[in-house]
Amino acid sequence: MLSIFRRLAGIVMLALPLSVLAAEGMVTVKSNHSADATADKLEAVLEEKGMTVMNRINHTTGADKAGLELRPTEVVIFGNPKVGTPLMQCAQSVAIDLPQKALIWEDSEGVVWLGYNDPEYLKQRHSIEGCDGVIEKVKGALAGFAKAATE
């Protein structure tokens, strides 16, 4: 019986585009825009909300310079010490995952996605306790940024 469930799970997984199967601890949101437009919108909303955009890395351009092909893939790195510092006060090891990052990519089906680290995953990864208010604040902010950039 268990082997039937494993086969069915495998069939379902094969039927889904690879990008839908996000990495553990990553929240993904489908975008209604191109990868470039999604990254532009994200950068604009971050700046509007008082976040500092520290860098925007275009992996596709890097691949092109190396003579390789890569579908649109960008990472936007951003943060705000007023938000990140309380997280680090809860568990200093979370600094390895800060500043925040958002990944924008186009999958093999031409669908654009925006992904970011799930604050609940960071909470588990760094054994953060007693900081649920901070985690909820970060969770709400990231969801709002993603929604604004993808709709």
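The values are calculated or read from the model by the stated rules, or taken from the named source; none is laboratory data. It should be emphasised that the depicted structure is a prediction, and the values quoted were computed from it without experimental measurement. Every residue, glycine as well, gets a Cβ built from its backbone with ideal geometry; the counts of neighbours run over all protein chains shown. Just so you know, the surface numbers come from the protein's heavy atoms only, side chains and all, with ligands and any DNA or RNA stripped out. Shrake-Rupley method; radii C 1.70, N 1.55, O 1.52, S 1.80 Å.
Inside segment 45-55, residues that are open to solvent by 60 Å² or more (accessible area, probe 1.4 Å) and touching a helix residue (DSSP H, G or I) at 6+ places or on another chain (Cβ under 9 Å) make up a count of 3.
Yes or no, residue by residue, for (1) over 12 Å from the mean Cα position of the chain (by Cα); (2) of a type in the set (Gly, Ala, Ser); (3) over 18 Å from residue 127 (Cα atoms):
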{"site": "66", "(1), (2), (3)": "yes, yes, yes"}
{"site": "70", "(1), (2), (3)": "yes, no, yes"}
{"site": "75", "(1), (2), (3)": "no, no, yes"}
{"site": "79", "(1), (2), (3)": "yes, yes, yes"}
{"site": "87", "(1), (2), (3)": "yes, no, no"}
{"site": "95", "(1), (2), (3)": "yes, yes, no"}
{"site": "107", "(1), (2), (3)": "yes, no, yes"}
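Can you pull out every residue in segment 25-44 that is assigned to a helix (DSSP H, G or I) and open to solvent by 30 Å² or more (accessible area, probe 1.4 Å)? Give the steps one after another, and end with the answer.
Narrowing segment 25-44 to residues assigned to a helix (DSSP H, G or I): 35-44.
Passing the criteria: 36, 37, 40, 41, 43, 44.
Against the test of being polar (S, T, N, Q) and in contact with a Phe, Trp or Tyr (Cβ under 9 Å, 6 or more places away or on another chain), the options 92, 100 yield a single qualifying residue, 100. Count of segment 99-151 residues, restricted to those that are under 16 Å from residue 57 (Cβ atoms), touching an Asp or Glu at 6+ places or on another chain (Cβ under 9 Å) and among the aromatic types (Phe, Trp, Tyr), is 1. Selection of helices (runs of 4 or more DSSP H) fully inside segment 59-151 by the criterion of at least 1 residues being under 19 Å from residue 25 (Cβ atoms), open to solvent by 20 Å² or more (accessible area, probe 1.4 Å) and in contact with a helix residue (DSSP H, G or I) (Cβ under 6 Å, 6 or more places away or on another chain) returns 81-90, 119-125, 132-150.
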